[in-house]
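Reading through the structure tokens given below for one structure.
Quick note: the coordinates plus some simple rules give every number you see, no bench work behind them. Everything numeric here is computed off the predicted structure, so don't read it as measured data. Glycine gets a Cβ as well: all are built from the backbone with ideal geometry, and neighbour counts include every protein chain shown.
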Ligand code: SF4
Ligand code: SF4
């Protein structure tokens, strides 16, 4: 396993980290098995979030006795100092630790981006927590390029997490800027939220970019760990066959692929547009039909609620045929 320094934090981390979203689908004991395998494979970076329901809790259980071997990162959607202070304490409690290495502001939109840095904003609590020794470093996670552009210029930002994969390369120049400015770049969504099924090619593509400090594929099965470690550890240049595969993936997902940037919001009918497409992708492209069905049935608004006003399409920077895609989701799930 290759190790890198995570920008200004100075933390030495494995090039592949562990994305803690999918463990919501397993249990605490299963998470413990994964942690033991990560340790054996030399993976030392773990990412989770307050928003990932039981993820922090499972990790807290799984890391008992081995916590010191890992660099632990989490994040919160809190936007005020008061809410962030509470979330930091809650993360410490759920993770069963007295110290979190990296705490991130989780995906603020344009309005929140300013609010978190204003007096009384979340950043205040993060700085206080760092002074109190509860956390080590402060980062931010984003989905929009314009906010990435701003974040890279902010002196308090030690790490930035942003989507980067074969079909989402919109952040590439800014990722290079992170390297120039010694900001650790954490690559999220390496498989484009599950849209890319060839994990090896997807991870090889990311590892070929020297400006990516760490990539954090979500994993819930032990076999995925070995496969992903092998892909990241292979430092040979991309072969012609791999380049062809990358092109094939781009052609397949092409223009009708939702990047989950949420510029299309708000929907006139209250539909969570990107969530519908994400779940539909899991259902149609992967063997996660039952899981996708359950998530879809739990949505308050379904694709069938679309009134075909078309407002979302005027906002989508990728010109996606959202109404047509809603119709498709409605046919897939029957409502
Ligand atoms: S439909 Fe378009 S605007 Fe909406 S989340 Fe997807 S890519 Fe972004
Ligand atoms: S076209 Fe459908 S999905 Fe788009 S904003 Fe209107 S109701 Fe929402």
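Could you check which residue among 154, 142, 11 shows the biggest mean-square fluctuation in a GNM of the chain with a 10 Å Cα cutoff? Looking only at 154, 142, 11, the biggest GNM fluctuation is shown by 154.
Think of it as helices only: each DSSP H run of n ≥ 4 in the chain is worth -39500 (n - 2.57), and spread over all residues that comes to -12500 deg cm²/dmol at 222 nm. Its residue count N fixes a reference of 2.2 N^0.38 Å for the chain, and the Cα radius of gyration divided by that reference is 0.97.
Inter-part distance, region 111-130 to region 175-220, computed on C-alpha centroids, equals 27 Å. Note on residue 335 and residue 291: their simple-model spin labels are 2.2 nm apart, each label 7 Å out from Cα toward Cβ.
Using a Gaussian network model of the chain in which every pair of alpha carbons under 10 angstrom is joined by a spring, one finds that among 182, 209, 44 the greatest mean-square fluctuation is at 209. The calculated FRET efficiency for residue 154 paired with residue 5, based on their beta-carbon distance and R0 = 25 Å, is about 0.80.
Each of residue 53 and residue 275 was given a label point 7 Å from its Cα along the Cα-to-Cβ line. The distance between the two points is 1.2 nm.
Stretched out straight at 0.36 nm per residue, the stretch from residue 251 to residue 40 would grow longer than its current Cα-Cα span by 72.2 nm.
Relative to the current alpha-carbon distance between residue 169 and residue 90, full extension at 0.36 nm per residue lengthens the span by 25.0 nm.
In this structure, residue 182 and residue 127 have a Cβ-Cβ separation that, at R0 = 25 Å, corresponds to a calculated FRET efficiency of about 0.80.
Given springs between every Cα pair under 10 Å in a Gaussian network model of the chain, which of 58, 318, 103 has the largest fluctuation? Greatest mean-square fluctuation among the candidates belongs to 318.
For the pair residue 222 and residue 239 in one chain, pulling the backbone fully straight at 0.36 nm per residue adds 3.4 nm over the alpha carbon distance. Beta bridges per DSSP, both residues in the chain: antiparallel share near 15 percent.
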